[in-house]
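Structure, as structure tokens:
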Amino acid sequence: MSTETATVTKSSKLGLPALTAMVVGSMVGAGVFNLPSRFARETGVVGALVAWAVAGVGMLMLALVFQNLANRKPKLDNGVYVYAREGFGVYPGFLSAVGYWGSACAGNAFYWILIMTTVSQLFPGLKPVLGDGDTWPAFAISAVAVWAFYLLIVRGVKEAAAINAIVTVAKLVPLALFLVLVIFFFHPQVFVDNLTGGYDLPGGDSLFSQVQGTMLITVFVFLGVEGASVYSRHAKKRSDVGKATVIGFLSVLALFASISILSYGILPKAEIAQLPQPSVGSVLEAAVGPWGGAFIRVGLIISVLGAYLAWQLLAADVVFAAASDKDMPKYFGRLNKHDAPANAVLWTSILVTIILFVVQFLHNALDFTLDLTAALSLVPYALASGYAVKIALQRDGYARDKPGRRVGELVIAIISTVYTLFLMWAAGYVFMILSGILLAPATVLYYFARRERQASALPGERVRIFTRPGWVVFIVLVVFAIVGIVLLATGVVEIAPPAPVDYLEH
């Protein structure tokens, strides 16, 4: 994409520290505060270690894929979207952009639900009003906040990005204190009792099943690993994009794994599994008393506000890039007087508000939006990994490298592709069906974008709506969506599972 489409000026180009902060700020959001209970519902210490090893290797390969693509294809900006487009065609690229956009919107809805839940815990008198973020007053407050952030962002990406860098530092302090305190109050015998998570007991889930159950939460917490790649065109040096991605990823992996595993040394697994979210606060409260929980919950609110800001920027930037490449209607590619993609931010805010409205009718709104966010992100990740495999096989961009370098990067890309496909399977067909139902109607935007492209085509230039592979992808997507709608309508598939029983109260 040309430099004319950039939403920041040359004077606001980002260096390695700022890019690393963007990666860390994008990943360290709400998910980390939910890790103890989400892991304890599925597995024990051994399963958690295996899960983090699998997720660590898989996501590291994905991070290296983005690093390698940034080096091999330095002229390609906004990696998540443009790699899919370059590798597999306009329509798959469009689906990647929309999938990433939808993932960000679902994640941002999750953030506000969690904030409302946390506020009701900090101020118990508000519990009847805010509930678990699933009441109409909670929706109204969240909607007002969504549009307050909209007004901030449309004043300029540069200002919003600077605020995110400050918040990134501020939100790491409570998590660092959590690690120090849980190490101090760690109970070795409790930790040992939590080792297996029940896979060694008759009728218990196998270790493989336990690990499989943790996969979506690991995807969710690592969303943002591509943050530096998305903002690649804002970097002072292209080489900083890959460095920021890897440095940010390894730092966050160590943080996430430590928080989830050390929690098993504070309470029995069954109790951790039933803790209210944010469970990091509940674990610390069990260790040191009410002040610990309150401190973490305040930190969570700061963290989530920063993550929300980062993800609104990331989501709008992808939509803006697709419109700039004429793969979405040009309406989304317009800049306001502050050089912010105002229309992209507008519709991102509208979609977040719609999701917040819809989940008011569901049980377990918090877990549902988390899992939907993770599921929608998998297609963009798989396509980016597949593109890395493609260029390595074709020796595209490797003319000056030794053969061993190309083979090494090919292996990394294959592992990343296999891992993302495994995640799709682990997510389950329910969320894959929902992804199809959401993506198929979005093709209307693609149709109007192609019509605009046809209207502006040069004499003799042929612009088709779909290529043959594009038609195949579209037909498969429509069939998938129709099957999903039928399954939902007949009750075969339910997206609103019954509310969990609180076994600690019975």
Inset, instruction - Can you tell me which residue among S435, S377 is touching a helix residue (DSSP H, G or I) at 6+ places or on another chain (Cβ under 7 Å), at pLDDT 80 or above, closer than 29 Å to D132 by Cβ and part of a helix (DSSP H, G or I)? - result: S377
Inset, instruction - Can you tell me which residue within segment 486-506, out of those that are modelled with pLDDT under 80 and part of a helix (DSSP H, G or I), is surrounded by the fewest Cβ atoms within 10 Å (Cβ to Cβ)? - result: E505
Legend entry - helices (runs of 4 or more DSSP H) (entirely within segment 186-272) containing at least 2 residues that are over 18 Å from the mean Cα position of the chain (by Cα), modelled with pLDDT under 80 and buried (at least 17 other Cβ atoms within 10 Å of the Cβ): 239-262
Legend entry - Which listed residue is touching a residue at least 24 places away in the same chain (Cβ under 8 Å), assigned to a helix (DSSP H, G or I) and more than 15 Å from F33 (Cβ to Cβ), from L284, L314: L314
Inset, instruction - Provide a single number: the residues in segment 458-485 that are surrounded by 11 or more Cβ atoms within 10 Å (Cβ to Cβ) and farther than 14 Å from Y91 by Cα. - result: 7
Legend entry - Residue in segment 443-452 that is free of Cβ contacts under 8 Å to residues at least 40 places away in the same chain, of a type in the set (A, V, I, L, M), out of contact with any helix residue (DSSP H, G or I) (no Cβ under 6 Å at 6 or more places or on another chain) and closer than 30 Å to V358 by Cα present: yes
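Do you know which of the residues in segment 328-362 that are outside any helix (DSSP H, G or I) and surrounded by fewer than 23 Cβ atoms within 10 Å (Cβ to Cβ) is modelled with the highest pLDDT?
P329
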Inset, instruction - Kindly establish whether D401 is part of a loop (DSSP other than H, G, I, E, B), without any contact (Cβ under 8 Å) to a residue 40 or more places away in the chain, surrounded by fewer than 20 Cβ atoms within 10 Å (Cβ to Cβ) and not hydrophobic (A, V, I, L, M, F, W, C). - result: yes
Legend entry - Residues located in segment 287-304, provided they are over 28 Å from Y100 (Cβ atoms) and assigned to a helix (DSSP H, G or I): A287, V288, P290, W291, G292, G293, A294, F295, I296, R297, V298
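Taking the condition at pLDDT 85 or above, touching a helix residue (DSSP H, G or I) at 6+ places or on another chain (Cβ under 8 Å) and in a helix (DSSP H, G or I), does A307 pass?
In short, no.
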Legend entry - Residue satisfying all of: in segment 394-412; hydrophobic (A, V, I, L, M, F, W, C) and within 13 Å of R72 (Cα to Cα); modelled with the lowest pLDDT among these: A399
Inset, instruction - Would you point out which residue out of L439, L378, L445 is closer than 26 Å to A322 by Cα, more than 21 Å from the chain's Cα centre (by Cα) and crowded, with 19+ Cβ neighbours inside 10 Å? - result: L445
Inset, instruction - Output the residue which, of all residues in segment 96-147 that are assigned to a loop (DSSP other than H, G, I, E, B), out of contact with any helix residue (DSSP H, G or I) (no Cβ under 6 Å at 6 or more places or on another chain) and under 22 Å from V280 (Cα atoms), is modelled with the highest pLDDT. - result: F123
Legend entry - Candidates A53, A40 - the one that is in a helix (DSSP H, G or I) and without any contact (Cβ under 8 Å) to a residue 60 or more places away in the chain: A53
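The values are calculated or read from the model by the stated rules, or taken from the named source; none is laboratory data. Treat the numbers as computed from the prediction; the structure is a model and nothing was measured. Please note: Cβ atoms are built from the backbone with ideal geometry, for glycine as well, and neighbour counts cover all protein chains shown.
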